[in-house]
1. Could you tell me whether any residue of segment 117-130 is of a type in the set (Lys, Arg), more than 28 Å from PHE58 (Cα to Cα) and in contact (Cβ under 8 Å) with a residue 12 or more places away in the chain?
2. Pairs please, first residue from segment 89-103 and touching a residue at least 12 places away in the same chain (Cβ under 8 Å), second anywhere and surrounded by 20 or more Cβ atoms within 10 Å (Cβ to Cβ) and among the aromatic types (Phe, Trp, Tyr), Cβ atoms under 8 Å, 6+ apart in sequence or on different chains.
3. Just checking, does segment 154-171 include any residue being outside any loop (DSSP other than H, G, I, E, B), without any contact (Cβ under 8 Å) to a residue 24 or more places away in the chain and not β-branched (Val, Ile, Thr)?
4. Here is a list: GLU77, GLU69. Which entry is within 13 Å of the chain's Cα centre (by Cα) and either under 16 Å from ALA22 (Cβ atoms) or of a type outside the set (Lys, Arg) (or both)?
5. Only one of these conditions is not met by LEU4: (1) over 17 Å from the mean Cα position of the chain (by Cα); (2) assigned to a loop (DSSP other than H, G, I, E, B); (3) not β-branched (Val, Ile, Thr). Which number is it?
6. Answer with yes or no whether GLY107 is in a loop (DSSP other than H, G, I, E, B), of a type outside the set (Phe, Trp, Tyr), under 23 Å from TYR63 (Cα atoms) and at pLDDT below 95.
7. Which ones in segment 172-184 are aliphatic (A, V, I, L, M) and in a helix (DSSP H, G or I)?
8. Could you check how many residues of segment 137-153 are more than 25 Å from HIS61 (Cα to Cα), in contact (Cβ under 8 Å) with a residue 40 or more places away in the chain and not in a loop (DSSP other than H, G, I, E, B)?
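The values are calculated or read from the model by the stated rules, or taken from the named source; none is laboratory data. Bear in mind the structure is a predicted one, so any value in this text is a computation, not a measurement. Cβ sites come from the backbone with ideal geometry, for glycine too, and all protein chains shown count toward neighbours.
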Amino acid sequence: MWQLAEKYSWADKDPDFVCTIAVVTDTSASDLVRAYGGDPDEAAHLVFTDAWPSQSDFGTHFYVQVFTEGAFTVAVEPNGWTGDVPEIARRASAHGHFVSTYWSMSGVSRMTEAMAGKVTAHFDPFAVGYSGGMGDLQPDWIEDASFDLDRPNASCLAAVELRTGLEIKAEWFGRELPTYRVPDPDVMLNGVENAREP
């Protein structure tokens, strides 16, 4: 997979490039926006850097950019993590396949996968085999993915492509995309049992 990761080298060039990216099959853009807690009728068109939550909004709401790419629906969250939450993966994959990668300003990374409403993977790709990865739901395909700490974001994007067949394109992050305001996932899922458990 290292060869696949090479084309994603752009994802590791900017240390402030943090987000969650999800690729979903068999769901519409409107349904995916709803799964994230947004209103599909209230879209702004923003580029990635303009869709970051402000300091005053952080922890109350975020933004998700949702669009279709061929047979796939894609969700991009600038400095957000709704697509990293297992309950969101369950909801978004109700009729299909969901794969997301998340990385944060603090260096935390995670991969999540769900099929037909069931989470099949939720793990830190850089803690596999270490005590920090205990309790993760690690899939069989982890052996086919070579996660590289020298290219963490590129490795994660390569894993998304490996699992979905969709190439994540750098051009998405400089293009105006439909952007929706969504609540903090922990606020939205307050009271939902085991929302963060795979």
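1. Yes, segment 117-130 contains a residue that is of a type in the set (Lys, Arg), more than 28 Å from PHE58 (Cα to Cα) and in contact (Cβ under 8 Å) with a residue 12 or more places away in the chain.
2. ALA89/PHE98; ALA92/TYR36; ALA92/PHE98; TYR102/TRP81
3. yes
4. Being within 13 Å of the chain's Cα centre (by Cα) and either under 16 Å from ALA22 (Cβ atoms) or of a type outside the set (Lys, Arg) (or both) holds for just one of GLU77, GLU69, which is GLU77.
5. Of everything listed in (1) over 17 Å from the mean Cα position of the chain (by Cα); (2) assigned to a loop (DSSP other than H, G, I, E, B); (3) not β-branched (Val, Ile, Thr), LEU4 misses just condition (2).
6. In short, yes.
7. If the condition is that a residue be aliphatic (A, V, I, L, M) and in a helix (DSSP H, G or I), then no residue fits.
8. Result for segment 137-153: 3.
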